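To start, the structure under review is shown below, and the notes come after it.
None of the figures in this text is laboratory data; all of them are computed from the coordinates on show. None of these values were measured; they are calculated from a predicted model. Note that we place each Cβ from the backbone using ideal geometry, even for glycine, and neighbour counts take in every protein chain shown.
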Amino acid sequence: QVQLVETGGGLVQAGGSLRLSCAASGRTFSINVMGWYRQVPGKEREFVATINWSGGSTYYPDSVKGRFTISRDNAKNMVYLQMNSLKPEDTAVYYCAASRSWAPEALAEYNYWGQGTQVTVSS
């Protein structure tokens, strides 16, 4: 099992920045990809960013590309999401996720999830 704990959410004005952290513990050697997702009430969970645990390659959807940066610290078993130029539409609960798959393409391929952290961007 892998346990994930997110921290760093909060309230920020539009145009501001936040940095989310995700601490992984347990059988972290089984992780190949880490990701961030977000969800607002009544909507599906939305992909935000992924990073390959070993090689560090990253992927973002167009909605956050150029504004968000995912990174990892393997030695500390940490993953980060730096969010800049935040917009009100970025308001959501942000979840950290871990996958044993080498190239997860769907929510179902993520094996472990954190409890989520709220990010609120005011206009």
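Computed from label points 7 Å out along Cα-Cβ, the spacing between Lys76 and Tyr59 is 2.7 nm.
Label sites at Ala108 and Ser25, each approximated as a point 7 angstrom past Cα along Cα to Cβ, lie 3.2 nm apart.
Within a straight-line Cα-Cα reach of under 29 Å, Lys76 can be paired with the following lysines, leaving aside sequence neighbours fewer than 8 residues apart in one chain: Lys65. In this structure, Ser122 and Gln3 have a Cβ-Cβ separation that, at R0 = 30 Å, corresponds to a calculated FRET efficiency of about 0.40. Applying both filters, DSSP loop and at most 12 other Cβ atoms within 10 Å, to the GluC sites (Glu not before Pro) of the range 54-123 gives Glu105. Result for the chain in a Gaussian network model with C-alpha springs under 10 Å: among Val48, Val40, Val93, the largest mean-square fluctuation is at Val40.
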